[in-house]
Structures are given as C-alpha cells and as structure tokens.
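Chemist: Mind looking over this structure? Questions follow.
The values are calculated or read from the model by the stated rules, or taken from the named source; none is laboratory data. Predicted, not measured: the structure shown is a model, and the values here were computed from it. Neighbour counts run over all protein chains shown; Cβ positions are idealised from the backbone, glycine included. The area values use the complete protein model at the heavy-atom level, side chains included, leaving out ligands, DNA and RNA. Shrake-Rupley method; radii C 1.70, N 1.55, O 1.52, S 1.80 Å.
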Amino acid sequence: QGELRELQRIAELHSTGLELVLGNHDRELPRRLNEWGIPLPSSNSLQIGDLGFTHGDQAWEPAVGRGSPRWLVTGHEHPAIGLEDGLGQRVRCPCFLWATGLLVLPAFTSLAAGCDVRRREFLGPIARSADFREAIACVGHRLLRLPLGPDSDNAGQPVGSLKAGRREATLPRQT
C-alpha cells in the first residue's frame, strides 16, 4: 500500500500517468486500490506507441482501433536457465528471453523457481508461440548472452553489467 502511494506521488510529481498492468496474481488489486483510496488505473495490457506491455498469462489483444505493437514486453514465465562450469558446479539464473518483437522479463525473487527455457515448457500463450533464439542470463551482476537456436554463434558473450547506477546492458536490435 505504501509503495503504491509513493509511485502515485512520483507520477504526479513528474506530471505523468501511472497505469498498472495486471497479471494472474493481481486480479483483486483494482478492488483493493479502491478500498485504500488509491486511484490508479489498471488493465490487462497497455500499449504506448510501438510498445505493448502485458503480463503474458493471456493472449495479446490490441485495443479497439489499434494495431499490434512492434515490440511486446511480458513477464509471467519467470524464465531461468541452468549453467555449469564443466567442473560440476551448477547454477540456475534468471534470464531475459528474446525473440523478434518480444522481450520476456525475468523474475528476481527466490519465490519464483523459474521456467527452464531450454525445455521450452512455457506457461502462457505468448511465449508458447514465440521462437526464442537467445537468452540473456543474469549471472551475479553480469549479463551473459546464450544461444537457444541451432544457428546461434554468440554463446557466452558478455553483454553488460547489472551494477546499481550503471547502464551498461544492451539488448540486440530488431532487424
């Protein structure tokens, strides 16, 4: 409740709107917001120009009179990838998933075990229909690009840092 009020205050301070994109665990949130007196709009999806945002547990449906976004950003899958060092050490890391026009965000919580991206057993319709060719694993404060498709040649290529205050991470551009 306090965090939502703070987000609302920041949005008002910068004269911008704040809209919550709901996921499968948030269905009661609009009712609670009304009970708490926090007037924040919420929806299952949001499109701003060429960017679409949705949780990912449901298929994307463009708003009336709008086409599909050029890029879609989702969550829901909690993607993770297992890595090993060849000496018996294994670690499971959250990762971003990348497909043409689609970015799936990882979950950074110990409460979400994560969907093993190499098994491709995705939960939502958006990820199930995507052709993921690359994962970007979060290994400590570093990002590591890993191929998922048969024709990738960028295995283990570092792409940046997740250190606080630094913006080194880059994502591949759509071609």
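Chemist: Rounded, prolate or oblate for region 27-125? Axes are the square roots of the Cα gyration tensor eigenvalues, ordered a ≥ b ≥ c, and the cut-off for rounded is a/c under 1.5. Can you show the working numbers first?
Modeler: Values: a/c = 3.06, a/b = 1.60, b/c = 1.92.
Verdict is oblate for region 27-125.
Chemist: On to the next question. Ignoring ligands, DNA and RNA, what accessible area per residue does region 7-89 give at 1.4 Å, in Å²?
Modeler: Values: 5170 Å² over 83 residues.
Using a 1.4 Å probe on heavy atoms only, each residue of region 7-89 averages 62 Å².
Chemist: What FRET efficiency, computed as 1/(1 + (r/R0)^6) with R0 = 45 Å and r the Cβ-Cβ distance, is obtained for residue 64 and residue 91, rounded to the nearest 0.05? It would help to have the intermediate numbers written out before the result.
Modeler: Numbers: r = 46 Å, r/R0 = 1.02.
Efficiency, from the Cβ-Cβ distance: 0.50.
Chemist: Express the carbon and sulfur contribution to the solvent-accessible surface of region 27-89 as a percent, rounded to the nearest whole number, probe 1.4 angstrom.
Modeler: Details: 1980 of 3750 Å².
The nonpolar share, carbon plus sulfur, comes to 53 percent.
Chemist: Solvent-accessible area per residue for region 90-153 at a 1.4 Å probe radius, Å²? Before the final figure, lay out the partial values.
Modeler: On the way: 3560 Å² over 64 residues.
On a per-residue basis, region 90-153 sits at 56 Å².
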